[in-house]
Structures are given as structure tokens and as C-alpha cells.
Amino acid sequence: MTVERAVYLTDIPDKFDPAGFDRLYFGAEFCEIKIPGVEETAAASLTAADSGLGFTLVTPYVTDRGLTLLRDVFLSLPADRSIEVVCNDYGTMLQLRQERPDLTPVLGRLLSGQKRGFGISSRKADAGPALAEDWRASIFDSPILRKYLKDKGVGRVELDNLPQGMTSDFTDSGLTASLYAPYGYVTTTRYCPFAFQDGRWLNIAGECGRVCRQGMIEETADIFNRPVWVAGNAQFYENQDIQSDEELTKQGFDRIVFEPSIPV
């Protein structure tokens, strides 16, 4: 099995270099305010096509407002099964299946159920074999969920590269899997520390100047024995330790999604 390389960008640069990549990921994964519009999505899709790359649109968890925004974007995409939509919200997945069955749904890493919580590094020495195994698993290991996803036309799921390792195995599962690197997310919220205006926190459904794209906050935290960055309404860690293609293939991973920077 060949491991495909994808690059994930939240903005397309004027001079895009596709060298070394097979697919372009584009979109907003954590905040519905940053869902790209119809024209922006069309331009990214055209960039991918002109570069000879496949195209994947990444979408966040959403409110009803976000579903309405996504509907317009979905309806604007050409009918092409090679175009993927990463859904980090089951409502988005069902809407896509109902309104655009000619596109390919992918279930995103925000729904993977992987263990990223604070304190894992300090508790690791005291964890028994069963707990340590659970920390390396994902919700996609569930046979019931795997059957549900296949029934809904989902053939690909996506996961973070956990520092404590992963036990999820997708061989003979009917699913293929993507691995994000080098940045994994810890947690996310509907409130953004970068959106503090007029003495109050803005809900992500409100107006926002997107100042989160101008910088981030580094925190010292007991998680994986490494720094945590607050970027927008999410927290991230970095893990440069990526398994070899051979090792990934043995677990059913056939794609690495490379993030040149934290995806905000």
C-alpha cells in the first residue's frame, strides 16, 4: 500500500508549490466563522486541479448557522467523487450525504475520541496495561461505529498522531485512515480567547476579526511533556515522531496530512 501525502492549508498562497504532495486539504476545522465562502473554495479547488492534486474540503463542528453556510459551499462544488469533504460534525455528514451524494465524505479527527487530555504524561507510570492501551485507542475501533460509517458511505477516517502511540488498526476494517502531522489538537471550544471585545467573550457564532491568525499563545502544561499552543478556539501540541510508511501501512493508514503550520 502506498502512503499518500496531503498538505493542509487554511489559506492558499499566491505561489503554491505542489511538489511532494498528492492532495490539497483546505478549509476551517475548528471554527465556523472561518468556513471559506463559495468563491474562496472554488479558487482552492481550482488550485488543486491546476496542480494535479486531489481536493479535500475540511469543515468544523457547526451550529445551524454553520450548516447553512456549508450547504451553499457544498452545492457549489462540481460533481466529482474524487472531491472529499472532511466532516467533524455528524450533522454535516448527514447533510452532505443527503444533498451531495456525489461527493466523498470523510470523518474528521475531532470525532476520533482519541485521548489527548492533560495529565496523561504524569499518570503514565501509574497506568496499568488496560488503561495504557485505552489511551492509545480511538472510537473508530468500535465495530458498531465502523458498520454505521460504512452504511453512511464513509470509507475514510482521520486521526491525530498521539505521542503515546496508537493501537487503532484499520486493516480488514473496510475503512482507510489518514494521520495528521506534526500538529495534533488537544481540545476545542465555542469560545475563543482571541475574541475578547468590549469586556466580554464572543461566542463563535458572533462577529470576529479573525485575530487568531495573527499569532498564538504558548502554555506550559502537563500534557505529553511538551508545550501546548492556544490558537484561536483550540489547543495544539506538536509531535514530529512519525512512523515509517511501512509501519503506518501495517495499521491501515494510507495517507499523511502534513500541516506546515498550526491550522487556524
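Could you tell me whether any residue of segment 161-169 is polar (S, T, N, Q), touching a residue at least 40 places away in the same chain (Cβ under 8 Å) and more than 22 Å from Asn239 (Cα to Cα)? No, because not a single residue in segment 161-169 is polar (S, T, N, Q), touching a residue at least 40 places away in the same chain (Cβ under 8 Å) and more than 22 Å from Asn239 (Cα to Cα).
Scanning segment 100-114 for residues that are open to solvent by 10 Å² or more (accessible area, probe 1.4 Å) and within 19 Å of Asp160 (Cβ to Cβ) yields a count of 4.
Across segment 100-108, a minimum of one residue is classified as in contact (Cβ under 8 Å) with a residue 24 or more places away in the chain and more than 19 Å from Thr176 (Cβ to Cβ). Among the residues of segment 157-196, those identified as part of a strand (DSSP E or B) and open to solvent by 10 Å² or more (accessible area, probe 1.4 Å) are Thr176, Tyr183, Tyr185, Val186, Thr187, Thr188, Tyr191, Cys192, Pro193, Phe194, Phe196.
Report, by residue number, each residue of segment 214-264 that is assigned to a loop (DSSP other than H, G, I, E, B), at pLDDT 90 or above and closer than 16 Å to Glu29 by Cβ. Listed by number, the residues that qualify are Glu259, Pro260, Ser261, Ile262, Pro263. Pick from segment 81-97 the residues that are in a helix (DSSP H, G or I) and among the hydrophobic types (A, V, I, L, M, F, W, C): which of them is most open to solvent (accessible area, probe 1.4 Å)? So the residue we want is Leu94.
Matching residues to (1) exposed (fewer than 15 other Cβ atoms within 10 Å of the Cβ); (2) not in a helix (DSSP H, G or I):
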| position | (1), (2) |
| --- | --- |
| Glu40 | no, no |
| Thr47 | no, no |
| Gly52 | yes, yes |
| Tyr61 | no, yes |
| Ala79 | yes, yes |
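What number of residues within segment 12-44 satisfy the criterion of being touching a residue at least 24 places away in the same chain (Cβ under 8 Å), of a type outside the set (Val, Ile, Thr) and touching a helix residue (DSSP H, G or I) at 6+ places or on another chain (Cβ under 9 Å)? Reasoning before the result, please.
Taking segment 12-44 as the starting set, the residues that turn out to be touching a residue at least 24 places away in the same chain (Cβ under 8 Å) are 12, 16, 18, 21-38, 41-44.
Within this subset, residues satisfying the condition of being of a type outside the set (Val, Ile, Thr) are 16, 18, 21-32, 34, 36-37, 42-44.
Now narrow it down to the ones that are touching a helix residue (DSSP H, G or I) at 6+ places or on another chain (Cβ under 9 Å): 16, 18, 23-24, 26-32, 34, 36-37, 42.
The total comes to 15.
Residues in segment 23-38 that are buried (at least 16 other Cβ atoms within 10 Å of the Cβ) and in a loop (DSSP other than H, G, I, E, B): how many? Please lay out each step first, then the result.
Of the residues in segment 23-38, the ones buried (at least 16 other Cβ atoms within 10 Å of the Cβ) are 23-36.
Those left that are additionally in a loop (DSSP other than H, G, I, E, B): 28-31, 35-36.
Result for segment 23-38: 6.
The values are calculated or read from the model by the stated rules, or taken from the named source; none is laboratory data. What you see is a predicted model, and the numbers here were worked out from it, not measured in a lab. Ideal geometry is used to build each Cβ from the backbone, glycine not excepted, and the neighbour counts take in all protein chains shown. Areas reflect the complete protein model, heavy atoms only, side chains present, ligands, DNA and RNA absent. Shrake-Rupley method; radii C 1.70, N 1.55, O 1.52, S 1.80 Å.
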